[in-house]
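See structure below.
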Amino acid sequence: MPNQEVFSWLRTRFFPHIWCPGCGHGIIMHALLRALVTLKKKKSQTVIASGIGCSSRMAGYIDACTVHTTHGRSLGFATGIKLAKPELTVIDVMGDGDCTAIGGNHFIHACRRNIDITAIVMNNNIYGMTGGQASPTTPAGSMATTTPYGVIDPSFDICKLAEGAGAAYVARSTIANPKQTEQFILNGIQKKGFSVVEILTHCHTTFGRKNNRRTPIDNVNYFKNNSVPLAKAKDMSPEELAGKIVTGEFVNKDVPEYTDQYLALIENVRGK
Ligand code: SF4
Ligand code: MG
């Protein structure tokens, strides 16, 4: 794929970006842009919504129809856009705190409704932008600025949460596997329904430094050494899977999509 085509989706006047050198978020943005180019999407028909946080700055760098909204509420904005113009491709990029803490209710209800939006959850297990506070996905026992003696809360499994709430497509990858990340994002966009693609990424400046993963390379190696493909994980015991990152496609099902039902309802009411 020509890089020129991928780079044409960037608002280069907003560069250099604010992400720290070595942050994993750029790998995810590149994977998303490659998926959009592969799918021959038009900028004028593609919406990127985001909330607040380092991950959510992505909306500002992409040259499409973008909306950088309030913390945890981007799915509300994205839902409104999709209902008003169902023909648009709507993608929502968010971080782990944005998705599962402040925006937790928006997330589970978007999964339940099964509206045709692709949610890209950039999970670095921490609130990176504000200095490394524990989030709902910070693993128990980890160090964070708000938990100097270690986290005691059990963490959310975002994919299980999405599956339990009814999402049509659920997958997980890591930034150590950019091709898989790109493929899952592409599959999520193609899926008619609510798609959740969780990508494990890293914040080496906060979470990494407090947890013996000081450099981006440490983090990439951590993901490489601790990822287990779903097919292999099925044969492993809970003890063997402790601390591992299971990657793969967990859900890919056909269920009625929300905007279709909404438009059918309008037609039905008009006909009465
Ligand atoms: Fe990335 Fe962390 Fe820097 Fe934010 S603070 S840009 S998440 S490395
Ligand atoms: Mg985060």
| Subset of the range 56-80 (residues that are over 14 Å from G103 (Cα atoms) and surrounded by 18 or more Cβ atoms within 10 Å (Cβ to Cβ)) | R57, M58, A59, Y61, I62, A64, C65, T66
| message | If I filter the range 44-55 down to residues being within 16 Å of ligand 2 (Cβ to nearest atom) and over 13 Å from L32 (Cβ atoms), which single residue comes out as surrounded by the most Cβ atoms within 10 Å (Cβ to Cβ)? | response | G51
| query | Only one of S50, S74, S44 is within 16 Å of ligand 1 (Cβ to nearest atom) and of a type in the set (S, T, Y); which? | reply | S50
| note | Selection from the range 111-155 of residues outside any strand (DSSP E or B), among the hydrophobic types (A, V, I, L, M, F, W, C) and farther than 30 Å from K192 by Cβ yields I126, M129, A134, A140, M143, V151, I152
| query | Which of the residues that make up the range 87-138 are away from ligand 1 (no atom under 14 Å from the Cβ), open to solvent by less than 20 Å² (accessible area, probe 1.4 Å) and in contact with a His (Cβ under 8 Å, 6 or more places away or on another chain)? | reply | G103
| task | Output the helices (runs of 4 or more DSSP H) that fall wholly within the range 177-272 and possess 3 or more residues being farther than 21 Å from A140 by Cβ and not polar (S, T, N, Q), or say none. | result | 178-190, 216-226, 230-233, 258-271
| Which pairs have Cβ atoms under 6 Å, sit 6 or more apart or on different chains, and link a residue in the range 51-68 that is assigned to a strand (DSSP E or B) to one that is of a type in the set (S, T, N, Q)? | H68/S50
| query | Restricting attention to the range 1-32, and to residues there that are within 18 Å of F184 (Cβ to Cβ) and either touching an Asp or Glu at 6+ places or on another chain (Cβ under 9 Å) or assigned to a loop (DSSP other than H, G, I, E, B) (or both), which single residue is nearest to ligand 2 (Cβ to nearest atom)? | reply | G24
| request: Only residues in the range 118-142 that are within 19 Å of I18 (Cβ to Cβ) count as the first member; pair them with residues that are within 11 Å of ligand 1 (Cβ to nearest atom) and of a type in the set (F, W, Y), Cβ under 8 angstrom, at least 6 apart or cross-chain, and list the lot. | output: N124/F207; I126/F207; G128/F207; G132/F207; Q133/Y127
| task | Quick one: in the range 12-43, of everything that is open to solvent by 40 Å² or more (accessible area, probe 1.4 Å) and touching a Gly at 6+ places or on another chain (Cβ under 8 Å), which residue is modelled with the highest pLDDT? | result | H17
| Restricting attention to the range 69-110, which residues are part of a strand (DSSP E or B), free of Cβ contacts under 8 Å to residues at least 60 places away in the same chain and either within 16 Å of ligand 2 (Cβ to nearest atom) or out of contact with any helix residue (DSSP H, G or I) (no Cβ under 9 Å at 6 or more places or on another chain) (or both)? | D92, M94, G95
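The values are calculated or read from the model by the stated rules, or taken from the named source; none is laboratory data. Here the structure is a predicted model, which means the values were calculated and not measured. Reconstructed Cβ throughout: ideal geometry from the backbone, glycine too, with neighbour counts over all protein chains shown. Just the protein is used for accessible areas: all its heavy atoms, side chains included, with ligands, DNA and RNA removed. Shrake-Rupley method; radii C 1.70, N 1.55, O 1.52, S 1.80 Å.
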